[in-house]
Structure formats: structure tokens, C-alpha cells
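So the structure is just underneath, and the comments pick up after that.
Any read-out appearing in this document is the output of simple, stated calculations on the displayed coordinates, not a laboratory observation. These numbers come from a predicted model, not from an experiment. All Cβ positions, glycine included, derive from the backbone under ideal geometry; neighbour counts span all protein chains shown.
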Amino acid sequence: MSLLGFFLHLRAQKQDYSQYPVYTGDDLGLSWSPEKSRFRIWAPTASAAELRLYTDGQTGDPVAVFPMEKKEQGTWLVTVPGNSSARFYSFRVKINGQWSKEVTDPYVKAVAVNGGRGAIINPALTNPPDWEKDRGPALQHKTDAVIYELHVRDAGIHESAGFSNKGKFKGLTETGTRNKDGLSTGLDHIAELGVTHVHLLPVFDFHSIDETRPDARYNWGYDPLNYNVPEGSYATDPYNPVIRIREFKEMVQAFHRKNIGVIMDVVYNHTALTETSNFNQLVPGYYYRQTADGKFSNATACGNETASERPMFRKFMLESMLYWVKEYHVDGFRIDLMGVHDIATMNLISAELHRVRPGILLYGEGWTAGASPLPDSLRALKSNAARLDRIAVFSDDIRDGIKGSVFIHDDPGFASGKAGMEESIKFGIVASCPHPQVVYEKVNYSKAPWAAGPEGTITYCECHDNHVLWDKLTLSARDKSEEERKEMHRLALTLVLSSQGIPFLHAGTEFFRSKKGVENSYDSPDSINAIDWRLKSRELDFVNYVKALLDMRKQHPAFRLTDPKAISRLIRFTDDLPAGGIAYTIRGEEAGDSWKQLFLYFNGTGKPMPLSIPANRKVFILNNKLKTEGSDGNLNAGTLLQLSPYSSTLLYLD
């Protein structure tokens, strides 16, 4: 019987994985010292296992093959005496009389180019100077965070970025980078903008890019190969296993020096490979869920879904994330398709990560891309968000409320003139928390509040998936002028940055970034994905507008409430507004804000909307424009305020 035939046989037999032994030690993978290298793998169904050592990372025959000894709880162990640094390695196991393909161990922490073989290195060589002093930012509350989503290659591959190390980790360490007009780009721009955290699209070792030709194609990286190793195509030398690790750490260190945290986008819900993955070659079937007929389940729409509820994959997820926090000092994780994972695993991970890094940010997608055999009641879905421990969930309610359905390209939202979206926006303003003035049956998706508190909601209107905001507006408001669409864009971001919860921005939105109409640009070329920093010069007024909103949020705790009861008590919506209008007040003084009362007005229609202002109020934003320096900035009692089409206005009393 071939190995593939054996896999199919296991499927048909509906293997009882609950009977597999669970390894409770903490030394899976390679444990290195100058005196010896110790290797342990978990392969409970194997009858034999071997370690193969190489001098080359890709080619050649092994220089030594070491049989491994069967040990406790399904593990196999071998110790190689002496200093084996600069060697490469792989494993094979024999199951049902057949040898598997050579694979890395899932726990591998350094690899050769393209990740097919593990690398034996001295970990101390990967630390940049002063690494032991490196610390991420400490926020008092999670709602103090503002997240900026960025792809490493996108940030600096365009010539306008002015990077020396284009498309690399090292490029994001560069300071003083400028576009041709002398405006900051890259790291300096992100720091000047005022965000607290940068969210990096996958930066672990992924499968789709040939690291020997990193410019030959593009990918977002949602196809995991080796979870505990940085991606080699972002390193200046992918052949050197030390370089990619050190340069990743240098990038983290550079962000931390700017007081910006680093969040990793992690994809534990599926693997790039299925039958031939290192997980499946070592322990066939175990790490993946199966359907009733024994086939690989596919709630991820990527060919497989992992089984987080099984103890050894739960252990892997936990130990992997702990490793990134301890070894690489990362400050948070965005969990891709978190709805695939079970609640118990996510809460265990949260408890352990918070123990190590109390201020860590954890959030994920509260949905799947297909049906799963694990019951909905057990999974980390948006509907179960209140049962998650200190883990936030993306709000598709406010996302599509603002800009329209991501699945219907020409569908507008509140910001682009769609009627009937007011309750969805109000639901988002209060961060999915209970509020007596939200009419839940009129909310687009959720018919009840789902967040236990505002820190449980990621408030956003765009991300890497689907169309970026500017392209969505181009499709859904194609009959409007460019200037009108820019007003819609301003309204959309003002809603995101003035609402409760944790706001989330997609890189380049502050200067109307476009991907030329491409919806999901995961494998589109740089001509589509690269950030064009010339736009910053062209749209500097809007960049400054977004910076002012971020500073406003930082300075005024009324936008960062932490208690759902305070949200219900302090925020009051105005009744009887014309259709397409939303207005509300925040009692800022009770929130400890220097603005004693805040007044927010949003006009989501294409027509002016008159409102009578009953008392002296100071202007922060008037019809999508900041109060200019030197202007009086007051509105007199009894003023009839004309809200411009597609506009935001923010007034206050101090």
C-alpha cells in the first residue's frame, strides 16, 4: 500500500484520534547547545523514525542518518553530540511499512531557503544589539489602541518609498525615508500618523513564494509552511537562516523605538499543504478535521482545516504563539478565520499569552469560509464573542454598514448614500455593546449585541480582503464625482475613528490608496499592491485630517470608553432626524474628558441636511473639515447648521 493509499485508508476507518497519547513536555523540535543537538518529534503511529543531516539546505545526499529512539507519549528522540551548527536537517517516519516524505518538524525555528529543511543555528547569533532591552508599548486600556494593517512588501517596493531595502523587513527599519517631495514614508510616516500598532500581514514562512526568486511573484502569505520561522523572501539573504531571524527582530525593535507595537497576522486554521504537509506526514490525519465520510474538512476554502480541539494541535498553537512573544517580542496576534478554532483553545491561548504579556492585543475574524464538522456552539464565532476571554472580533456590521456589502460590489453603504443603514452605524458606534436606542431588528447582520465590552470589537471599514475603501466607493458610487467620493471616504474614516471599540485602518487609506479595482489582490503584482507614496503629496490635506482624528482620539477618553454600561449611559442618540442622518452626544465630563460634552453629526445623504444648534458649541470638525488655526471656532446659539452631503461634524463644550 502506498503512503497516499494509507492516508485514504485512515480516512475510511474514521480514526479515533482521542486515543492518541498527548506529549506534555516542552521540548518538541530542536534543543541546541555547543555540546549537542537534541531532536524530539511526536509521531505516535510510527514504527520507526530517523533524522537526516545535510551540509546543503536544498540539494545533496545526507551526510549522516540517525535512527531515533521511541520515547514516552508518542515521541521519538535522538541526540547528536558536538556542535552541529550550519547543518540542515529533516525527518522521516515509517508508518504501516512505508517511509514518509522528508519533512521539517512542525516546531522548526530556523530553515534553509524555501523552508524544505530545518537549520541548526546558534540562537544567540540572531539577536541585534540591545535586544534584551527591547520592549513594546504599554497601553492602559485596549481601547487606547489604533491598528494599522500593512504588508511588508507593499510598504517599500514602489520607487516613491525611497527605501534602500525595498520589500524587506530591513526596509521597515529605515528612518529618514522620503518621497520626491520630501514627505516621510515607511516607518517615519506610520509613527507621525499616530497609530499605536502595526498589523503585519503574514510574516511567517509561507509556501507560495520561491525565496530564490523573491521578485518573481507576489502573495499576501496566507499559506503557512513553517509557522515558527520568519518568511525568507522578506530577508536580504534568504539562504542564511540567521539573517531572516535577525532582520525580523531588527524590524520589531525599530517599531518599538517609535513606540509602535507589532501585531502578527497568524494563520493556524489551515496549512498550505495537506497530505504532504509536515503535520500530516508525521501523524497522518491527526492535525486536521474530517467530514463524516472521512475526507478533509474545508471550512477555510483552502483544502483543509486544522483541528484546534485536538490536544496536540492546541498545544502547537499555544507554544507557537508563546514563542513569537518571547523570542520575537511581538505585541499581538490577528487570528485568521478565528471562527474555525474552538473557544476553549482560544481562551487557553489568551490566558497564557496575557500571563506573559499583560497588554497583548488579540483579535480575529469571527467567521469561517465554509461549513465545519465542529458545532457552531463550540467555535470562536462572532455570535460567541462574549464567551471569548480578552479576544476582540472584527465587526462586519459597521464595516458593511459604512460602505456596503463586500460581496455585492455596487452596493453602497451609509457613507455612500444608502438609505436604512442608520441602525447598523449606531450599532457600530457603540462597539456592538447593548444600547437602549439601537433598534436591533434594523441592524444589517446582528440582531442583538454580541460584545461583552468595547475592547471586544474591532471597528473598521476595510482591510486587505475585498476592495479597499476607495475602490469600493468607485464601484458603488460610480455616478458621483471624485470629489464627492472623497467626502464619502472622509465620512467613512471619521466614523471608524470616532466610534467606540478598537479602530483599525488599512495602510494607505489616509491618502485614498487604490488597488486599481482589483478586489482580492493576494497574488496580484506590485503594480497593483505597492503603496504609491506620491499620493501622500497629492492628498496631504487628508493625511493631516486623519492625523488630527488620531490625536483627537488619543487626547479624549470619551472616544475610548472601557465599560459597556458607560457606553449605554453616556451616549445619547438624537431621535427624529431626517433619513440618512445620525446625531449623538457623549457626556465627556463623566468620562474624565476635558470636553465636557461632545456632539457628533453625520449626514450620509447626497443632500444638505439642516440642523438647529441650541447652544454655543466649539468646532473641531465642520463638514469634513478641521477647524483652521486662528479661526473663532464657535457656533452661536440658535445657529442653523447645514450638514453638507456625505459629511461629519464634531462640536464640543469645554
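Annotations for the structure displayed:
- Only the Cβ atoms of Lys and Arg (+1) and of Asp and Glu (-1) were treated as charged; on that basis the dipole of segment 477-623 about its Cα centre amounts to roughly 280 debye.
- On Cα atoms only, tilt of 482-498 relative to the major axis of the chain in degrees: 70
- Percent breakdown of C-alpha pair distances by 10 Å bin, ordered from the shortest bin, for segment 149-269: 14, 47, 32, 6, 0
- Shape class for segment 365-407, computed from the alpha carbon gyration tensor (a ≥ b ≥ c): oblate, with a/c not under 1.5 and a/b at or below b/c.
- When His489, His464, His409 are sorted by how many other C-beta atoms sit within 10 angstrom of their C-beta, beginning with the fewest, the order is His409, His464, His489.
- Model label zone, Asp563; criterion: amide N under 18 Å from point 7 Å along Cα-to-beta-carbon; scope segment 137-165: 140-144
- Charge dipole (segment 335-406, unit charges on Cβ, about Cα centre) - positive-most of Pro358, Ala344, Ile402: Pro358
- For segment 1-157, the spread of Cα coordinates along the three principal axes comes to 56, 41, 36 Å, biggest extent given first.
- Taking Cα centre as origin and charging only the Cβ of basic (Lys, Arg, +1) and acidic (Asp, Glu, -1) residues, the dipole magnitude of the chain rounds to 540 debye.
- If you take the Cα centroid of segment 348-379 and the Cα centroid of segment 64-111, the two points sit 31 Å apart.
- Mean Cα-pair separation over length for the chain, i.e. relative contact order, pairs under 8 Å, 6 or more apart, %: 11
- 5 Å binning of all Cα-Cα separations within segment 267-375, expressed as whole percents from 0 upward: 2, 12, 23, 24, 19, 12, 6, 1, 0
- Over the residues of the chain, the helix contribution to mean residue ellipticity at 222 nm works out to -6500 deg cm²/dmol, using -39500 (n - 2.57) for each DSSP H run of at least 4.
- Restricting the calculation to Cα atoms, segment 454-565 shows an Rg/Rh of 0.99 when the hydrodynamic-style radius is the Kirkwood one.
- Nearest-ten-degree value, helix 311-328 long axis tilted from longest Cα axis of the chain: 70
- Semi-axis lengths, largest first, of the ellipsoid equivalent to segment 309-440 are 31, 16, 14 Å, with √(5λ) applied to each eigenvalue of the Cα gyration tensor.
- DSSP beta bridges in the chain [antiparallel fraction, %, rounded to 5]: 75
- Square roots of 5 times each gyration tensor eigenvalue, C-alpha, segment 495-654, largest first, Å: 31, 19, 16
- Extreme residue, positive dipole direction of the chain, given options Leu172, Val242, Val78 (C-beta unit charges): Val78
- Label point of Lys516 set 7 angstrom out along Cα-Cβ; within segment 202-222, amide nitrogens under 16 Å from it belong to 217-219.
- Contact order for segment 218-360, expressed relative to its length and based on alpha carbon pairs under 8 Å spaced 6+ residues apart, stands at 24 percent.
- The chymotrypsin sites (Phe, Trp or Tyr not before Pro) of segment 397-492 that DSSP puts in a loop, and whose beta carbon has at most 13 other beta carbons within 10 Å, are Phe407.
- D_trans [Stokes-Einstein, Kirkwood Rh over alpha-carbon pairs] for the chain, 20 °C, 1.002 mPa s, µm² s⁻¹: 82
- Helix 343-356 vs. the chain, principal-axis angle (Cα, 0 to 90°, nearest 10): 90
- Residues whose amide H lies under 5 Å from that of Ala64, counting only those 5 or more places away or on a different chain, are Leu53; hydrogens are built 1.01 Å from N in the peptide plane.
- About the Cα centre, charge dipole magnitude for segment 426-556 (Lys/Arg +1, Asp/Glu -1 at Cβ), debye: 260
- Total lysine pairs under 26 Å (Cα atoms) in segment 70-181, excluding pairs fewer than 8 apart on one chain: 18
- Extending 7 Å from the Cα toward the beta-carbon at both Asp575 and Asn165 defines two label points whose distance is 6.0 nm.
- With K and R counted +1 and D and E -1, the other residues having a Cβ less than 15 Å from that of Thr459 yield a net charge of 0.
- Alpha-carbon centroids, segment 235-271 and segment 129-164: separation in whole Å: 10
- For Lys442, the lysines whose Cα comes closer than 19 Å to its Cα, not counting residues fewer than 8 places off in the same chain, are Lys382, Lys403, Lys418, Lys426.
- Note on Gln437 and Lys547: with the Förster distance fixed at 30 Å, the Cβ-Cβ geometry gives a FRET efficiency of about 0.45.
- Alpha-carbon geometry of segment 323-385: the Rg and the Dmax are 12.6, 35 Å, given in that order.
- Under 22 Å, Cα to Cα: Lys pairs in segment 247-366, sequence gap 8 or more or different chains: 4
- Gyration tensor (alpha-carbon) shape descriptor, segment 110-205, a/c threshold 1.5: oblate
- Pairwise centroid distance, computed over Cα atoms, of segment 571-632 with segment 477-540, Å: 24
- Radius 13 Å from Cβ of Cys433, net charge of other residues (Lys, Arg +1; Asp, Glu -1): 0
- Full-stretch length increase - Arg257, Asp188 - with 0.36 nm per residue and alpha-carbon distance subtracted: 23.7 nm
- Positive-end residue of Phe39, Gly261, Val22, charge dipole of the chain with Cβ unit charges: Val22
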